[in-house]
Amino acid sequence: MSFQRAYIPYGSGWSTPFVKWQGSMANLHPLKFAAQCATSALARAKIDAKVLDGIVLGFTVPSTQCFYGAPWVAALTGAPGITGPIVMQACATGARSIATAASMIDAGSNARVLVLTADRCSNGPHLYYSDSSAPGGTGQSENWVMDNFSKDPWAGGAMVATAENVAKEAGIDRATQDALTLLRYAQYQDALKDDSAFLKRFMLLPLELNPSGKKVIGTVRGDEGIFATSAEGLAALRPVLPEGTVTFGSQTHPADGNAGLLVTGADEAKELATDKAVSIRIVSSGEARVKKGFMAMATVPAARQALAAAGWSFADCNAIKTHNPFAVNDVYFSRETGVPADAVNRFGSSLIFGHPQGPTGTRLVVELIEELVLRGGGRGLFVGCAAGDSAMALCLEVRVA
């Protein structure tokens, strides 16, 4: 799908640090916390929430009273007069939320839309589904996070099995996965240089945790849960599955956090931007499904679809960011597209800093924007897989006057 009128005001995008599950964000209500962070981010960008006329809320893990969704969160953010949809599309939630907002702008129904994505993998809900027809009326229970990590109802395997399926069919051995992991870890170290200068361009740092609004219970000063990574350390790990190739070192870790940005028309983007010289246009989106249980393969056709809608090729992209829950994803992507692995994810990726699901893609899009601004502008591609066998991609163009 191509977009004609959708822009992102520079400076409106943000992310919290991502914190490994059961860490310092484990007991925060994800939607209330996201509203607090959005309020802080808008204030930092000197944007009054009252100018917003729409909201798209994305999450993948239910939390208490999430039934009230986007209107509730909008009110908590200081915009009680607006409403909008909830988006839940597994790990494509961030990209889908941005594309949904872009469609609202293109349709002319809105001019200033807040995209807010949030998740907490920690303390996932335990659900009970009643079934009066069962013996004794005994229903079924589900651990929302763990049960869905463990089994795809369509393909039948655990999430990690999708990586193993692709590794086996494409001939991606463990040594190649470990080498890719080391590369992404080294790239993330660039984001930490000069006292995390790159991250501070968009990340809420330091981030005070103040759920009651009265007492600060902690301060997060960067992504938490990053493991020191070395060739020797990776080689010492056992595969997650018997006779497999994927280890806990070559896959991401579940995390907590939120991220967001505004999607507006061209005039509104210029008006609200923190730097009027920077213009960011959302050009196109793409999505794809592949055969069941081969999730890592889906990023390639999704990216190609988005690029076709933009009229671009991979060679036209000045920066590429991928959501890669497994190292297999990026190895396969580079082999199929011809894009060198070191030309992707210049400042690291979700493989290293973690995966809260809903906000992961949003953070990577914000990072993509900042990388392009540092380059003086250019064309960018984001692509990431989503649960089971699908993926979604976005193309952006950044101009710096």
inquiry  = From the list GLY348, GLY354, GLY388, exactly one residue is at pLDDT 95 or above and crowded, with 20+ Cβ neighbours inside 10 Å. Which is it?
reply    = GLY354
task = Could you please find all residues in the range 9-24 being in contact with a Leu (Cβ under 7 Å, 6 or more places away or on another chain) and either among the aromatic types (Phe, Trp, Tyr) or surrounded by 22 or more Cβ atoms within 10 Å (Cβ to Cβ) (or both)?
result = PRO9, SER12, GLY13, TRP14, THR16, PRO17
request  = Tell me, please, whether a residue that is within 26 Å of the chain's Cα centre (by Cα), closer than 20 Å to PRO356 by Cβ and free of Cβ contacts under 8 Å to residues at least 60 places away in the same chain can be found in the range 231-239.
outcome  = no
inquiry  = Of the conditions (1) under 28 Å from VAL61 (Cβ atoms); (2) in contact with a helix residue (DSSP H, G or I) (Cβ under 9 Å, 6 or more places away or on another chain); (3) small (Gly, Ala, Ser), ALA175 satisfies every one except a single condition; which number is it?
reply    = (1)
ask   = Could you list, in sequence order, the residues of the range 317-342 that are without any contact (Cβ under 8 Å) to a residue 24 or more places away in the chain and farther than 14 Å from VAL383 by Cα?
value = PRO340
note = Only unsatisfied item for PRO80, checking (1) closer than 21 Å to LEU42 by Cβ; (2) touching a residue at least 24 places away in the same chain (Cβ under 8 Å); (3) not hydroxyl-bearing (Ser, Thr, Tyr), is (2)
query = Taking the range 211-226 as the search range and keeping residues that are under 20 Å from the mean Cα position of the chain (by Cα) and either of a type in the set (Ser, Thr, Tyr) or over 21 Å from GLY260 (Cα atoms) (or both), which one is surrounded by the most Cβ atoms within 10 Å (Cβ to Cβ)?
reply = GLY225
task = Report the residue count in the range 158-196 for those that are more than 22 Å from LYS321 (Cα to Cα) and under 23 Å from the mean Cα position of the chain (by Cα).
result = 3
note = For the range 375-388, the count of residues that are more than 16 Å from the chain's Cα centre (by Cα) and over 27 Å from LEU31 (Cα atoms) equals 5
note = By residue number, the members of the range 103-144 that are outside any strand (DSSP E or B) and under 17 Å from the mean Cα position of the chain (by Cα) are CYS121, SER122
request  = Taking the options ALA35, ALA26, name whichever one is within 17 Å of SER97 (Cβ to Cβ) and at pLDDT 95 or above.
outcome  = ALA35
note = The residue that is surrounded by the fewest Cβ atoms within 10 Å (Cβ to Cβ), considering only those in the range 286-308 that are closer than 23 Å to LEU351 by Cβ and among the small types (Gly, Ala, Ser), is GLY293
key: Number of positions in the range 353-374 that are part of a helix (DSSP H, G or I) and either among the charged types (D, E, K, R) or within 13 Å of the chain's Cα centre (by Cα) (or both)   = 12
The one condition in (1) in contact (Cβ under 8 Å) with a residue 60 or more places away in the chain; (2) in contact with a Pro (Cβ under 8 Å, 6 or more places away or on another chain); (3) surrounded by fewer than 24 Cβ atoms within 10 Å (Cβ to Cβ); (4) not in a helix (DSSP H, G or I) that LYS32 fails to fulfil = (4)
inquiry  = Please pick out the residue among GLU208, GLU243 that is under 20 Å from LEU31 (Cα atoms) and surrounded by fewer than 19 Cβ atoms within 10 Å (Cβ to Cβ).
reply    = GLU208
message = What's the number of the only condition in (1) among the hydrophobic types (A, V, I, L, M, F, W, C); (2) at pLDDT 95 or above; (3) over 23 Å from the mean Cα position of the chain (by Cα); (4) under 24 Å from ALA38 (Cβ atoms) that LEU199 fails to meet?
response = (3)
inquiry  = SER230 - would you say it is exposed (fewer than 15 other Cβ atoms within 10 Å of the Cβ) and of a type in the set (Ser, Thr, Tyr)?
reply    = yes
ask   = How about the range 300-342: which of its residues are of a type in the set (Lys, Arg), closer than 23 Å to TYR185 by Cβ and touching a strand residue (DSSP E or B) at 6+ places or on another chain (Cβ under 8 Å)?
value = LYS321
task = Could you tell me which numbered condition GLY94 fails, if it satisfies all but one of (1) within 16 Å of VAL366 (Cα to Cα); (2) over 19 Å from the mean Cα position of the chain (by Cα)?
result = (2)
query = When you go through ARG112, ARG174 one by one, which is the residue that is basic (Lys, Arg), closer than 30 Å to PRO211 by Cβ and at pLDDT 95 or above?
reply = ARG112
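The values are calculated or read from the model by the stated rules, or taken from the named source; none is laboratory data. Predicted, not measured: the structure shown is a model, and the values here were computed from it. Heads up, the Cβs are rebuilt from the backbone with ideal geometry, glycines too, and the neighbour counts pull from every protein chain shown.
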